[in-house]
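Q: Before we start, here is the structure in question, set down as structure tokens.
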Amino acid sequence: MKPLSLAVVGHTNTGKTSLMRTLLRDDGFGEVSNAAATTKHVECATVGNGSEEWLHLYDTPGLEDAGGVLDWLEGQTSNRRDGVERITAFLDSDAAKQEFSQEAKVLRQIVHSDAALYVIDAREPVLPKYRDELTVLSWCAKPVMPVFNFTADADLSPWQHMLVRRSLHVFSSFDTVAFDFSGEMQFWDNLGVMLPERTQTDKLAQHRREEWLASDRQARQLIAGFLLDAAAYKVAYESAEQVPQIRAAMQDKVRAAERDMQGQLLELYRFYRSSIDSSELPAGAFSHDLFDTDLLKAYGIRTGKGAATGALIGFGVDAVTLGFSMGIGTAVGGLIGGLVPNWQTLSDKINGKEYLYIDAPTLTLLAARSVELLAALQKRGHAAVRNVVLPEKQQILPWQPDRLPESLKKARLEEKWSRLNGFASAAQQRIPEQNELAALLPSFTG
Ligand SMILES: Nc1nc2c(ncn2[C@@H]2O[C@H](COP(=O)(O)OP(=O)(O)OP(=O)(O)O)[C@@H](O)[C@H]2O)c(=O)[nH]1
Ligand SMILES: [Mg+2]
């Protein structure tokens, strides 16, 4: 089947290239800027699955003088001819090569496409120049779907009123920066209604839905894997003097693992050019260091008795087992309850070994930050140019530290579950627990 071809058109600076980026899931497509006439040529991008092409999207330069084109059409062509004939006469004229060359590129692309997406900056009043644009577009005799961009606080009603008067009854809202998955589904559905044949738009919607769910599943696996790595991470120490040095090294390793996981999440959602954090916004959770105790408070994570942390509270590393503060003595107590494999703890005791682990509040914080990042990425359009910024206050706390999920508690006893302990095949050792933890993390996919 022939791929659907869509021309993305509209006044200059309305976000056409931004819409392309978001629909393509490609934050590197074209050039986006706040200046007018950023896009100078028609540029095509394809959506498909490797073996099949479903969609050809054409980015076009902004329409700047549709009024001038309309004057030319009215002056130079007879109103007894139909719109396409008049547009064709225009495209063959010298004016199309000279003063209206930008406009001609756009109209030529529409004539060669199955439909046009007319991007509207919803914050703008309905000015005569936009009416002229719609008049010229309607003469191309192709379905035109208006798409509202910058919808955040805009009142769409004057626009909707004008569109309906021009028999444009189907339109979509699509803020290219604040992404809304259900909005995109609605967009494909609306477009399908306007076309003589909706197989391709249905296929695209289906593909995007599968991809959306698969990315969410994969993201949760990444986060769960990272949390298990952190929970099972342990380093033995023999004397109190060694503790500060070991602690610092452990913190560095967890910070690096967190950055790594964040990078993988960005890649999974195809934000190849985005970065997390924002130095200009101190409130962004990622501008805080992971081992900063104020951050625990900001996230509403309890660190008191309930969290049962030990002497190293505030450093995120604790001589703990099973999420509780225990010295070897208590660990032996725990083993009576059947919680710790007998021989292991006893031999450690005989060898005089104790271990440092990442404490429960920090594991909770890691989980909260990861999940918050996932939520932010799922609401981020590929047109967003600012860094990923998280809300000032923690919105999502998956659990309190005294209620760590079983899988994380269990990880405390399973050295081989952590890549941080040097076990490259850790992921294979903990498949059921990783699945269990992944399923437990909050979901935002709707
Ligand atoms: N807040 C917000 N900004 C947006 C949105 N869409 C686009 N922008 C910004 O608007 C500006 C113009 O976006 P472009 O995508 O370059 O617009 P264009 O229509 O391709 O512009 P030309 O190629 O010059 O005609 C850029 O600064 C974008 O970052 C949106 O939905 N919300
Ligand atoms: Mg552009």
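The values are calculated or read from the model by the stated rules, or taken from the named source; none is laboratory data. The structure presented is a predicted model; accordingly, all values stated were derived computationally and were not measured. For neighbour counting, all protein chains shown are included, and Cβ atoms are generated from backbone atoms with ideal geometry for every residue, glycine included.
Q: For the subset of region 245-265 comprising residues that are surrounded by 14 or more Cβ atoms within 10 Å (Cβ to Cβ) and of a type in the set (A, V, I, L, M, F, W, C), which member is modelled with the lowest pLDDT?
A: Residue satisfying both the conditions and the ranking: Ile246.
Q: I've got another one for you. For region 165-185, enumerate the residues that are away from ligand 2 (no atom under 16 Å from the Cβ) and part of a loop (DSSP other than H, G, I, E, B). Please lay out each step first, then the result.
A: Residues of region 165-185 that are away from ligand 2 (no atom under 16 Å from the Cβ), as a first pass: 165-173, 175, 178-185.
Hits for region 165-185 are Arg166, Ser167, Leu168, His169, Val170, Phe171, Asp175, Phe179, Asp180.
Q: Could you list, in sequence order, the residues of region 367-384 that are more than 11 Å from Pro401 (Cβ to Cβ) and more than 16 Å from ligand 1 (Cβ to nearest atom)? Reasoning before the result, please.
A: Restricting attention to region 367-384, the residues satisfying the condition of being more than 11 Å from Pro401 (Cβ to Cβ) are 369-384.
Once the filter is applied, which keeps residues that are more than 11 Å from Pro401 (Cβ to Cβ) and more than 16 Å from ligand 1 (Cβ to nearest atom), region 367-384 yields Arg369, Ser370, Val371, Glu372, Leu373, Leu374, Ala375, Leu377, Gln378.
Q: So how many residues does region 53-92 have that are in contact with a Gly (Cβ under 7 Å, 6 or more places away or on another chain) and of a type in the set (Asp, Glu)?
A: Going through region 53-92 one residue at a time, the tally reaches 1.
Q: From Met145, Met162, which residue is aliphatic (A, V, I, L, M), in a strand (DSSP E or B) and away from ligand 2 (no atom under 16 Å from the Cβ)? Spell out how you get there, then give the answer.
A: Working: Met162 fails: in a strand (DSSP E or B).
After applying the criteria, what remains is Met145.
Q: If you go through region 152-162 one residue at a time, do you hit one that is of a type in the set (Gly, Ala, Ser), touching an Asp or Glu at 6+ places or on another chain (Cβ under 8 Å) and over 28 Å from Arg86 (Cα atoms)?
A: Initial filter on region 152-162 (of a type in the set (Gly, Ala, Ser)): 152, 154, 157.
Next, only the ones that are touching an Asp or Glu at 6+ places or on another chain (Cβ under 8 Å) stay: 152.
Then keep just the ones that are over 28 Å from Arg86 (Cα atoms); that gives 152.
Checked against the condition, which is being of a type in the set (Gly, Ala, Ser), touching an Asp or Glu at 6+ places or on another chain (Cβ under 8 Å) and over 28 Å from Arg86 (Cα atoms), region 152-162 yields at least one hit.
Q: In this structure, does Lys97 turn out to be over 36 Å from the mean Cα position of the chain (by Cα) and either surrounded by fewer than 19 Cβ atoms within 10 Å (Cβ to Cβ) or modelled with pLDDT of 95 or more (or both)? Spell out the reasoning first.
A: Numbers: over 36 Å from the mean Cα position of the chain (by Cα): yes; either surrounded by fewer than 19 Cβ atoms within 10 Å (Cβ to Cβ) or modelled with pLDDT of 95 or more (or both): yes.
So Lys97 fits the description; yes.
Q: So, one more: In the list Leu24, Leu6, Leu55, Leu19, which residue meets the criterion of being touching a residue at least 60 places away in the same chain (Cβ under 8 Å) and near ligand 1 (Cβ under 8 Å from one of its atoms)? Reasoning before the result, please.
A: Numbers: Leu24 fails: near ligand 1 (Cβ under 8 Å from one of its atoms); Leu6 fails: near ligand 1 (Cβ under 8 Å from one of its atoms); Leu55 fails: near ligand 1 (Cβ under 8 Å from one of its atoms).
Result of the check over Leu24, Leu6, Leu55, Leu19: Leu19.
Q: Considering only residues that are among the aromatic types (Phe, Trp, Tyr) and either within 13 Å of ligand 2 (Cβ to nearest atom) or at pLDDT below 90 (or both), look in region 6-64 and name the one that is farthest from Arg270 (Cα to Cα). Show your work before the answer.
A: Let us first name the residues in region 6-64 that are among the aromatic types (Phe, Trp, Tyr), namely 29, 54, 58.
Next, from what is left, pick out any that are either within 13 Å of ligand 2 (Cβ to nearest atom) or at pLDDT below 90 (or both): 29, 58.
On the way: Phe29: 12, Tyr58: 20 Å.
The extreme case among them is Tyr58.
Q: Can you give me the number of residues within region 146-165 that are surrounded by fewer than 16 Cβ atoms within 10 Å (Cβ to Cβ) and either aromatic (Phe, Trp, Tyr) or modelled with pLDDT of 90 or more (or both)?
A: Taking region 146-165 and keeping what is surrounded by fewer than 16 Cβ atoms within 10 Å (Cβ to Cβ), we get 152-153, 155-158, 161-162, 164-165.
Then keep just the ones that are either aromatic (Phe, Trp, Tyr) or modelled with pLDDT of 90 or more (or both); that gives 155-158, 161-162, 164-165.
Of the residues in that region, 8 qualify.
Q: Still on this model: In this structure, is Glu74 assigned to a helix (DSSP H, G or I) and either out of contact with any Lys or Arg (no Cβ under 7 Å at 6 or more places or on another chain) or within 16 Å of ligand 1 (Cβ to nearest atom) (or both)? Full working, then the answer.
A: On the way: assigned to a helix (DSSP H, G or I): yes; either out of contact with any Lys or Arg (no Cβ under 7 Å at 6 or more places or on another chain) or within 16 Å of ligand 1 (Cβ to nearest atom) (or both): yes.
Spelling it out, Glu74 is indeed assigned to a helix (DSSP H, G or I) and either out of contact with any Lys or Arg (no Cβ under 7 Å at 6 or more places or on another chain) or within 16 Å of ligand 1 (Cβ to nearest atom) (or both).
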